[in-house]
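A.B. asks: Structure incoming, see below.
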């Protein structure tokens, strides 16, 4: 109680167990959310770059069969391809299979191809938005957790205040100070998470839109092919 | 594979960011908890040097040379002898006088030196006394501030029983060791209410140790804090 050393470290070390737990949770949340932020940033960047490159090669007039074989070989090497290539491969594979069967109905072929691409698209969507729910939870929950720690700490320090006769500011100030650290940590964890979530959600939207546009275009090419036979 | 590398990059970045933030906080949050102890005000007294003024030593007058005149004539001789005698006498008296004067002067000088020494000694003594007084006052002030601290701490730790009344007073004696730890508590003068006395004793035991006393000089501690007497009375109660 006496000999106050108000460095932030001693404040944290002297805090009550519950407040320390809250701080620990917030620290972990912050660390993990930063891991997610960096990972997502790299992943989405790579996805966008990959899409641009693929579009360039796709519209360069390359033979689709060759492209398909190249991409399949590459995917086997990498152990599962990424992004828009998967959509293309799924659609093309399904189209070839259906088209090779005898007396294939063009509409049925197109239907099958579209379905296969839809599945691939939804898989890609899933991949793009992994971890984003976690960021959203950290963003919305960690201020409350911090607030809880603060309220608890202030509650305790006021309880302590009630027990002493000569109540001075110095008897409650350290308690309140230590309690407020919890809120600060909550905000520290929440702010980057909010920003990252908003940014990445928008980015995922854009990439998904790109994928869908491509899928439609590809589908129209295949449609032309299947009906021109 | 790709996922793994991007995750490890994320982990690295996150760790670096958090370590940097924590380090910045720990460095910038230098605790500003300098203990403010009462700084006693005192007037600086300086001993003014009483430089002994050197009196220029009087030069001894040169001995008048005796004119030795030789006259052929007896009369002249006698006269000369007379003159000589008179001269010698005069010289002797002169010498005597000079000697006396010198002696007197020396005596005066000795006396003056003695007096100066006496004055200096007196001044020194006065200065020492004053210094001692200042020291004592300073000590008193420091002791008082520590005493105040002890009293405050005891009062903070004091839980008054419901039976406490305003006119009660308990005088306790606390025995301390130089680390500031309380090694014993005696009730010197009971208030008449056992619960009240006990609460006072409890307050002292709860205070346990006054670490600030470690900063105190041993001399001061021995003088003022070996045993401390504190009176407790609930002055703020309206009962």
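A.B. asks: Considering A:114, A:63, which residue is more than 14 Å from chain B (Cβ to nearest Cβ) and modelled with pLDDT under 90?
C.D. replies: Going through A:114, A:63 in turn, just one is more than 14 Å from chain B (Cβ to nearest Cβ) and modelled with pLDDT under 90: A:63.
A.B. asks: For the range A:78-117, how many residues meet the condition of being loosely packed, with under 14 Cβ neighbours inside 10 Å and under 17 Å from residue A:127 (Cβ atoms)?
C.D. replies: Adding up the residues that qualify gives 3.
A.B. asks: With respect to residue B:139, determine if the residue is within 14 Å of another protein chain (Cβ to nearest Cβ) and surrounded by 13 or more Cβ atoms within 10 Å (Cβ to Cβ).
C.D. replies: Answer is no for this residue.
A.B. asks: While we're here: Among the residues of the range B:157-198, how many are assigned to a loop (DSSP other than H, G, I, E, B) and on the phi < 0 side of the Ramachandran plot?
C.D. replies: Looking only at that region, the number is 19.
A.B. asks: Could I ask something else about it? Identify, please: which residue in the range A:19-37 is surrounded by fewer than 20 Cβ atoms within 10 Å (Cβ to Cβ) and more than 24 Å from residue A:175 (Cα to Cα) and is, among those, nearest to the other protein chains (Cβ to nearest Cβ)?
C.D. replies: Ranking the candidates gives A:31 first.
A.B. asks: Let me ask something else. If you scan the range A:34-53, which residues turn out to be under 20 Å from residue A:222 (Cβ atoms) and free of Cβ contacts under 8 Å to residues at least 40 places away in the same chain?
C.D. replies: none
A.B. asks: Under 6 Å by Cβ, and 6 or more places apart or on different chains, what pairs join a residue from the range B:143-163 that is more than 13 Å from chain A (Cβ to nearest Cβ) with one that is surrounded by 15 or more Cβ atoms within 10 Å (Cβ to Cβ) and not in a helix (DSSP H, G or I)?
C.D. replies: Going by the 6 Å Cβ cut-off, the qualifying pairs are B:163/B:193.
A.B. asks: Sort out which residues of the range B:1-44 are under 30 Å from residue B:214 (Cα atoms) and at pLDDT 65 or above, and write them in order of number.
C.D. replies: B:26, B:27, B:28, B:41, B:42, B:43, B:44
Let's see how each residue does on (1) within 14 Å of another protein chain (Cβ to nearest Cβ); (2) surrounded by fewer than 17 Cβ atoms within 10 Å (Cβ to Cβ); (3) at pLDDT below 90:
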{"position": "A:147", "(1), (2), (3)": "no, yes, no"}
{"position": "A:158", "(1), (2), (3)": "no, yes, yes"}
{"position": "A:168", "(1), (2), (3)": "yes, yes, yes"}
{"position": "A:190", "(1), (2), (3)": "no, no, no"}
{"position": "A:198", "(1), (2), (3)": "no, yes, no"}
{"position": "A:204", "(1), (2), (3)": "no, no, no"}
{"position": "A:210", "(1), (2), (3)": "no, no, no"}
{"position": "A:213", "(1), (2), (3)": "no, yes, no"}
{"position": "A:227", "(1), (2), (3)": "no, yes, yes"}
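A.B. asks: Looking only at the range B:199-218, which residues are more than 14 Å from chain A (Cβ to nearest Cβ), touching a residue at least 12 places away in the same chain (Cβ under 8 Å) and either part of a loop (DSSP other than H, G, I, E, B) or farther than 16 Å from residue B:148 by Cα (or both)?
C.D. replies: Within the range B:199-218, B:201, B:205, B:216, B:218 meet the criteria.
A.B. asks: Confirm whether residue A:184 is modelled with pLDDT under 95, within 14 Å of another protein chain (Cβ to nearest Cβ) and in a helix (DSSP H, G or I).
C.D. replies: Yes, satisfied.
A.B. asks: Further question on the same structure: If you go through the range A:124-143 one residue at a time, do you hit one that is under 30 Å from residue A:107 (Cβ atoms) and without any contact (Cβ under 8 Å) to a residue 12 or more places away in the chain?
C.D. replies: yes
A.B. asks: Further question: Considering the range A:53-77 alone, what residues qualify as being loosely packed, with under 11 Cβ neighbours inside 10 Å and part of a helix (DSSP H, G or I)?
C.D. replies: Hits for the range A:53-77 are A:56, A:65, A:66, A:73, A:76, A:77.
The values are calculated or read from the model by the stated rules, or taken from the named source; none is laboratory data. Predicted model only: the values in this text are computed from it and were never measured. Using ideal geometry, Cβ is built from the backbone for each residue, glycine included, and neighbour counts are taken over all protein chains shown.
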